[in-house]
1. With all protein chains present, how much of the accessible area of the chain (probe radius 1.4 Å) comes from carbon and sulfur, to the nearest whole percent?
2. Can you compute the helix-only [θ] at 222 nm over the chain? Use -39500 (n - 2.57) per DSSP H run of at least 4 residues, normalise by all residues, nearest 500 deg cm²/dmol.
3. Rounded, prolate or oblate: which fits segment 31-92, taking a ≥ b ≥ c as square roots of the Cα gyration tensor eigenvalues, rounded meaning a/c under 1.5, else prolate when a/b beats b/c?
4. Report, in debye and to the nearest 20, how large the dipole of segment 40-92 comes out about its Cα centre when Lys and Arg carry +1 and Asp and Glu carry -1 on their Cβ.
5. So, for the chain, what is the accessible surface per residue at a probe of 1.4 Å, expressed in square angstrom?
6. Charges only on Cβ, +1 for Lys and Arg, -1 for Asp and Glu: so what's the dipole of the chain about the Cα centre, in debye to the nearest 20?
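The values are calculated or read from the model by the stated rules, or taken from the named source; none is laboratory data. Just so you know, these numbers come straight off a predicted model, no measurement behind them. All Cβ positions, even for glycine, are placed from backbone atoms using ideal geometry, and neighbour counts span all protein chains on display. Side chains included, ligands, DNA and RNA excluded: accessible areas come from the protein's heavy atoms. Shrake-Rupley method; radii C 1.70, N 1.55, O 1.52, S 1.80 Å.
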Amino acid sequence: KVVIVTGSNVGIGYNAAEEMALLNPQVLIMACRNQQRGEDAVARVKAQPGASQANVIYMNLDLGDFESVKRFSQEIVNTYDKVDILLCNAGL
């Protein structure tokens, strides 16, 4: 499965990403607007017992910036056949 969790560097989004990583998806995309915080969150998820082998990646996404949404969407369309789970968590 291809899983995307927006706003996944803290709070509910982060907790959801942790749980999704345990399901061993094809890829878990942690979509966050701040690269450093996003990459730190990816490292924390991968450090969790049972998630170390999960394919967890950071992708930049700022839902308040339409150009960011377009770039993110285009990269997803160009890379994956489909998205199986989209958890839209980011609060604006």
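1. About 49 percent, which is the carbon plus sulfur part of the accessible surface.
2. It lands at -13000 deg cm²/dmol.
3. On the way: a/c = 2.11, a/b = 1.40, b/c = 1.51.
In terms of gyration-tensor shape, oblate.
4. Values: 5 positive and 7 negative charges, 35 e Å.
For segment 40-92, the charge dipole is close to 160 debye.
5. Details: 5490 Å² over 92 residues.
Computed with neighbouring chains in place, this is 60 Å² per residue.
6. That gives a dipole near 60 debye.
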